[in-house]
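The values are calculated or read from the model by the stated rules, or taken from the named source; none is laboratory data. Nothing here was measured: the structure is a model prediction, and the numbers come from that model. Don't worry about glycine lacking a Cβ; one is built from the backbone with ideal geometry, like all the others, and counts go over all protein chains shown. Quick note on the areas: whole protein, heavy atoms, side chains included, nothing else; ligands and nucleic acids left out. Shrake-Rupley method; radii C 1.70, N 1.55, O 1.52, S 1.80 Å.
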Amino acid sequence: MTPELASSLFETIPMPIILIGADQTIVAMNQPAERLVGGHMRGRHYITALRQPNLLDKIERTIETGEAQHARYLGREAERETIYQVQISSCPLGAVLAFTDKTADEDIGQIRRDFVANVSHELRTPLTALSGFIETLRGPAKSDPIAQDRFLTIMDHEAGRMTRLVDDLLSLSRVEAEGRVRPKEPVVLSNVLSETISNLEPLLDQAGATLDINDQSNGAAVVGDTNQLRQVVNNLIENAAKYGKRDGTIHITITPPTHEPQLRADGIRLVVRDEGQGIAPHHLARLTERFYRVDSHRSREVGGTGLGLAIVKHIINRHRSRLQIDSVEGEGAVFSVILPVFAGKDALKDSLS
Ligand code: ADP
């Protein structure tokens with residue numbers, strides 16, 4: 001095969017490919033490879049183009065022994081750092097380098113590692129507190145019933161925190177597992193709202209919150225999964241109670257079905273607005289990340305796990321719906337969920353086909 005033929009063949013391959021000739025110069029490369037290591041490299045020694053020692057060693061070995069090798073290559077494309085796995089194979093003309101982009105895999109690995117580190121950190125804090133109190137109960141507070149009572153209350157609180165965390169982690173993994181299956185059932189949002197509110201009564205009382213409900217949906221149904229939508233409504237109202245104004249009002253609106261451009265279909269909005277401190281604009285985009293908190297101290301104080309909105313976001317994605325968060329600092333926060341209207345069995349069949 002001539003270098004010209006190799007070049008034209010390489011142009012049909014989407015991944016970066018480089019052919020190094022017997023004289024150790026670059027004989028052919030395709031455009032993705034030019035974007036990765038720079039243009040005008042043909043005819044130059046491969047060391048000039050590929051300056052990473054680990055890769056250079058492996059190429060040398062393939063050229064010497066004819067054995068295939070693997071190496072990593074760190075690239076920088078369009079201001080983004082990329083990671084490639086390079087397969088180096090011997091061929092009659094010299095050596096062929098094929099680059100596979102592994103950036104996404106590495107990102108997922110990093111997200112997993114961060115997640116495990118976060119979970120461990122979240123569990124360690126209450127565990128450390130519990131061990132400390134056990135020691136105190138065995139030692140200094142051994143015969144002090146008043147202190148014992150106080151410590152047991154705190155221990156109960158810390159155990160509750162761990163239970164909530166584990167419950168939220170399980171919810172998150174359940175929602176993730178079902179992520180690709182689209183829910184199909186008709187769900188009447190008014191019913192979901194009233195059931196959720198009755199479960200939240202103790203929390204609402206504790207926060208001194210009054211509800212102002214404006215339900216204009218007239219019993220219309222959305223397409224959804226009842227339990228998951230209960231969780232969405234629960235988490236949003238719970239947050240409004242936790243972060244809203246003490247003894248304030250939580251305004252909940254369910255709109256009538258109207259065309260929603262964001263869904264490109266008819267939708268119903270459920271809007272939860274509180275009168276609290278609100279959220280600064282630079283936090284808004286990150287609120288649905290796992291363990292992201294605007295004020296960690298406040299979140300822990302009110303029993304937050306940092307997972308509530310991550311769960312909401314996953315459920316909303318599964319429902320092919322939208323979550324919109326608006327806030328003017330000092331004037332409260334507005335969380336809107338836009339869900340597709342259930343338009344009867346026939347219409348549903350059409351929309352799913
Ligand atoms: P948490 O368990 O900490 O409440 P969430 O995922 O539910 O976790 O919320 C993430 C963060 O978003 C909270 O820690 C809080 O800082 C902020 N937040 C959520 N809802 C509101 C709200 N209604 N008003 C102000 N801040 C809020």
| said: Residues that are of a type in the set (A, V, I, L, M) and more than 16 Å from the ligand (Cβ to nearest atom): list the strands (runs of 3 or more DSSP E) wholly contained in segment 185-260 that include at least 3 such residues. | reply: 221-224
| task | Starting from residues that are within 40 Å of the chain's Cα centre (by Cα), exposed (fewer than 11 other Cβ atoms within 10 Å of the Cβ) and of a type in the set (D, E, K, R), keep the ones in segment 52-82 and report whichever is modelled with the highest pLDDT. | result | E81
| Cβ-Cβ under 6 Å pairs, at least 6 apart or on other chains, segment 116-137 side closer than 17 Å to H157 by Cα, far side of a type in the set (D, E) | P126/E158; A129/E158; L130/E158
| Which residues, taken from segment 75-89, are closer than 13 Å to Q52 by Cβ and among the basic types (K, R)? | R76
| query | Assuming H297 fulfils every condition listed in (1) under 16 Å from E238 (Cβ atoms); (2) without any contact (Cβ under 8 Å) to a residue 60 or more places away in the chain; (3) over 21 Å from the mean Cα position of the chain (by Cα); (4) more than 7 Å from the ligand (Cβ to nearest atom) apart from one, which condition is it? | reply | (1)
| request: Return yes or no: is I311 within 21 Å of the chain's Cα centre (by Cα), open to solvent by 20 Å² or more (accessible area, probe 1.4 Å) and aliphatic (A, V, I, L, M)? | output: no
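Looking at segment 14-39, which of its residues are among the hydrophobic types (A, V, I, L, M, F, W, C), in contact (Cβ under 8 Å) with a residue 40 or more places away in the chain and not in a strand (DSSP E or B)?
M15, A22, A33, L36
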| task | Counting only residues that are aliphatic (A, V, I, L, M) and within 30 Å of T2 (Cα to Cα), give me the strands (runs of 3 or more DSSP E) lying completely in segment 56-137 with at least 3 of them. | result | 94-101
| said: Can you list the strands (runs of 3 or more DSSP E) lying wholly within segment 263-345 that have 3 or more residues being farther than 30 Å from Q110 by Cβ and of a type in the set (D, E, K, R)? | reply: 265-273
